[in-house]
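As structure tokens, the structure follows; a few thoughts come after it.
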Amino acid sequence: MKERTVQVEQLLRQKDEFIAQAGHDLKTPLTPIIALLPHIYKKEQDPELRKLLAMVMSDATGMKHLITDILTLAKLNTPYTTADAEEIVLVDEVEKGILKHTWMAWKKSHSIKNSVGPDIRIWMTKSHIESLFDNLIGNAVRYTPEGGTVTIFSKVAKWMTMISIADTGIGLNPEETIRIFDEFYKADSSRHERDSSGLGLTIVSRIVHLYGGHIKAESPGIGCGSTFTVTFPRR
Amino acid sequence: MGPPGNDTTSGGSSDAMERVMIVDDDLHILVAVKTVLNEAGFPVDIAESGDECISLLKAGWTGIILLDIMMPVMDGWDTIHAINREGVGGNVLIAMLTAKESPDRKMIGLQEYVFDYITKPFEPAELVNKVQLYSKYIRR
Amino acid sequence: MRTEDHFPIIIIGSSTGGPQVLEEIFSRVVRVPGAIIIVQHLFHSFVSVLGGQIHEACGTPVAIPSEGESVCAGTIYLAPGGRHLLLKNNRIFCFSDTDKLHGVRPSIDLAMRSLSPGQGKRCMGILLTGMGEDGAKGIDHIRKIGGVTAVQDPLTCAIMSMPLSAIATGSVDYILSPQGIATMINTFDPGGQQSR
């Protein structure tokens, strides 16, 4: 039994080393691409070629984000990554998540409300909860047009803690509310922003499952906003 | 494509730009960094390994070193240890330029020798700004 | 004791990536509440240049203290390289050549932990970018004696580990961008009403 544990730990360590090496190997060829394209763009006079370069530069940035997200997902597959879990004050983490998107929200004249109760606590690692709110709040801001509202609230029942992020954004149709958690799925053509990898909600749902919880997306329909709710069992 | 040559030493004048050494085993990184920094007016010398870096330093090289971490045989940290052992680190400023998101425990004991930590891929404008900042510190 | 003797002490600890952040912070600092003591892990030949850069950024001269020197209000101090910096009775600088701690000397932990409980709420600990754990116990100590603690937002750091280690102690009051840290310094007024 002990030998099996040692074997499993060794395999997990090898997997981590593989991930670190893969990350390095993916980022290395991307580096001269990102470093040199602006240089070529600057020297290029032909407006047609400049347009092509601009297009390629945004693809390179998209690749950078994609690599980062894939590495995050790969790390999340490792069972023991909840080892650093600790008790976290939920309202503070939500506040931090909102802070990260303050600039975009201000640009779009959004109002973001943090209605999470001050004494609600959750058991998670800091980096996981950060990814959770970064993605959920980021999506809410991204897919809500000017002047909209994003509200984060939570509820505690006997055996579980529920956190909801509700927006007044472009909403989802019934099929999308299920498929939206699939890898690389983006709900419709209006959502193809190159700077988003399509993995955000997959990462969120993996994190939620790691802690024994579940996530669901609800929407009255297209144009009527969405609400994402994550539920965690209470310790 | 062979490695780019080193820039010839210009006469030391007070408005000469600081020399930069890029230490990396990847040819394309060497070309990319040299292109970006040459464009901004910095003379750039290249070293494909920790050993080549030490050789240049022993020959009297001074300036700003951009040092990769993951290199075969001698990694970035081994290189800093060697610089200290050989006593050639008196007039250099070292910044790591690496694909590693965060350093591992091999960096313990070396914190004071590492002025900055830049992750790849980097935005060229960001690299130029940083080298301009480092110049203020290395200039005497 | 005169009221001037109760001036606050702010200790800023910083490592790899620090000089740039310090310049950014001090370019926005308009007020030096009490004494500010900076402990930056840095190769010795860069220390005086860093002092000059901070001076240029905020207009207040930066002193590199020596053994036995008094801590004075309204002054910015920068620890010299290679020796641990400690405070005696919160008012005198002392130096020590004991072993490196967390692989560094000066150590931020030793500097912050040399603050005695008498300083109470009139102290602030700030931890910036850096590798390793130096400063985590220092932040914890400042919190426990009644002071205010802040770390640089890990996402704005060249290296996140030092702020993350401090956050893990549970003793961090604020996680701030460099601009936010400057604001905290400008508005630090532990004796009176602090605008937060």
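The values are calculated or read from the model by the stated rules, or taken from the named source; none is laboratory data. Note that the structure is predicted; figures quoted are calculated from it, not measured. Please note: Cβ atoms are built from the backbone with ideal geometry, for glycine as well, and neighbour counts cover all protein chains shown.
Scanning region B:48-74 for residues that are in contact with a helix residue (DSSP H, G or I) (Cβ under 9 Å, 6 or more places away or on another chain) and either among the aliphatic types (A, V, I, L, M) or within 12 Å of chain A (Cβ to nearest Cβ) (or both) gives B:54, B:57, B:64, B:65, B:66, B:67, B:68, B:69, B:70, B:71, B:73, B:74. Applying the condition of being in contact with a strand residue (DSSP E or B) (Cβ under 8 Å, 6 or more places away or on another chain), over 14 Å from residue B:20 (Cα atoms) and not small (Gly, Ala, Ser) to region B:90-114 and asking which residue is surrounded by the most Cβ atoms within 10 Å (Cβ to Cβ) yields B:114. Within region B:19-47, being away from every other protein chain (no Cβ under 13 Å) and over 11 Å from the mean Cα position of the chain (by Cα) holds for B:41, B:42, B:43. Residues of region A:70-95 that are at pLDDT 80 or above, under 20 Å from residue A:212 (Cα atoms) and surrounded by 16 or more Cβ atoms within 10 Å (Cβ to Cβ): A:88, A:90, A:93. Meeting the requirement of 1 or more residues that are away from every other protein chain (no Cβ under 11 Å) and surrounded by fewer than 17 Cβ atoms within 10 Å (Cβ to Cβ), the strands (runs of 3 or more DSSP E) wholly within region C:43-116 are C:84-88, C:92-96. Looking at C:19, C:33, just one residue is at negative phi and more than 14 Å from chain B (Cβ to nearest Cβ), and that residue is C:33.
Residue A:111 meets the stated requirement of being among the small types (Gly, Ala, Ser) and more than 17 Å from the chain's Cα centre (by Cα). Here the condition is being closer than 26 Å to residue A:210 by Cα, within 14 Å of chain B (Cβ to nearest Cβ), touching a helix residue (DSSP H, G or I) at 6+ places or on another chain (Cβ under 9 Å) and part of a helix (DSSP H, G or I); of A:40, A:34, A:67, A:98, it holds for A:67 alone. Scanning region B:100-122 for residues that are free of Cβ contacts under 8 Å to residues at least 12 places away in the same chain and more than 7 Å from every other protein chain (Cβ to nearest Cβ) returns B:104, B:105. Out of all the residues in region B:105-118, is one or more more than 23 Å from residue C:19 (Cβ to Cβ), part of a helix (DSSP H, G or I) and not β-branched (Val, Ile, Thr)? Scanning region B:105-118, I find at least one residue that is more than 23 Å from residue C:19 (Cβ to Cβ), part of a helix (DSSP H, G or I) and not β-branched (Val, Ile, Thr), so the answer is yes. When each of C:33, C:65 is tested for being at pLDDT below 95 and of a type outside the set (D, E, K, R), the lone residue that passes is C:33.
Condition check ((1) under 25 Å from residue A:97 (Cα atoms); (2) without any contact (Cβ under 8 Å) to a residue 12 or more places away in the chain; (3) among the charged types (D, E, K, R); (4) not in a strand (DSSP E or B)) across all residues:
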| site | (1), (2), (3), (4) |
| --- | --- |
| C:137 | no, no, yes, yes |
| C:144 | no, no, yes, yes |
| C:165 | yes, no, no, yes |
| C:179 | yes, no, no, yes |
| C:182 | yes, no, no, yes |
| C:188 | no, no, no, yes |
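If you go through region A:126-143 and keep only what is aromatic (Phe, Trp, Tyr) and part of a helix (DSSP H, G or I), you end up with just A:133. When A:170, A:152 are checked against the criterion of being among the aliphatic types (A, V, I, L, M) and part of a strand (DSSP E or B), A:152 stands alone in meeting it.
Looking across region B:123-137, the residues that are in contact with a strand residue (DSSP E or B) (Cβ under 9 Å, 6 or more places away or on another chain) and either farther than 21 Å from residue B:53 by Cα or facing chain C (nearest Cβ under 8 Å) (or both) come down to B:126, B:130, B:133, B:137. In the set (1) surrounded by 18 or more Cβ atoms within 10 Å (Cβ to Cβ); (2) within 28 Å of residue A:26 (Cα to Cα); (3) modelled with pLDDT of 95 or more, the condition left unmet by residue B:19 is number (2).
Only one of the numbered conditions (1) surrounded by fewer than 23 Cβ atoms within 10 Å (Cβ to Cβ); (2) touching a residue at least 40 places away in the same chain (Cβ under 8 Å) is violated by residue C:152, and that is (1). For region C:7-25, name all the residues that are touching a strand residue (DSSP E or B) at 6+ places or on another chain (Cβ under 9 Å) and either acidic (Asp, Glu) or over 21 Å from residue C:166 (Cβ atoms) (or both). If the condition is that a residue be touching a strand residue (DSSP E or B) at 6+ places or on another chain (Cβ under 9 Å) and either acidic (Asp, Glu) or over 21 Å from residue C:166 (Cβ atoms) (or both), then C:7 is the only one that fits. Scanning region C:26-56 for residues that are of a type in the set (Phe, Trp, Tyr) and either out of contact with any strand residue (DSSP E or B) (no Cβ under 9 Å at 6 or more places or on another chain) or farther than 20 Å from residue C:177 by Cβ (or both) yields C:43, C:46. Note on region A:146-160: residues that are at pLDDT below 90 and within 20 Å of the chain's Cα centre (by Cα) total 0.
Just one of (1) at negative phi; (2) in contact with a Leu (Cβ under 8 Å, 6 or more places away or on another chain) fails for residue C:69. It is (2). Restricting attention to region C:146-163, and to residues there that are part of a helix (DSSP H, G or I) and hydroxyl-bearing (Ser, Thr, Tyr), which single residue is farthest from the other protein chains (Cβ to nearest Cβ)? Only one residue tops the list, namely C:156.
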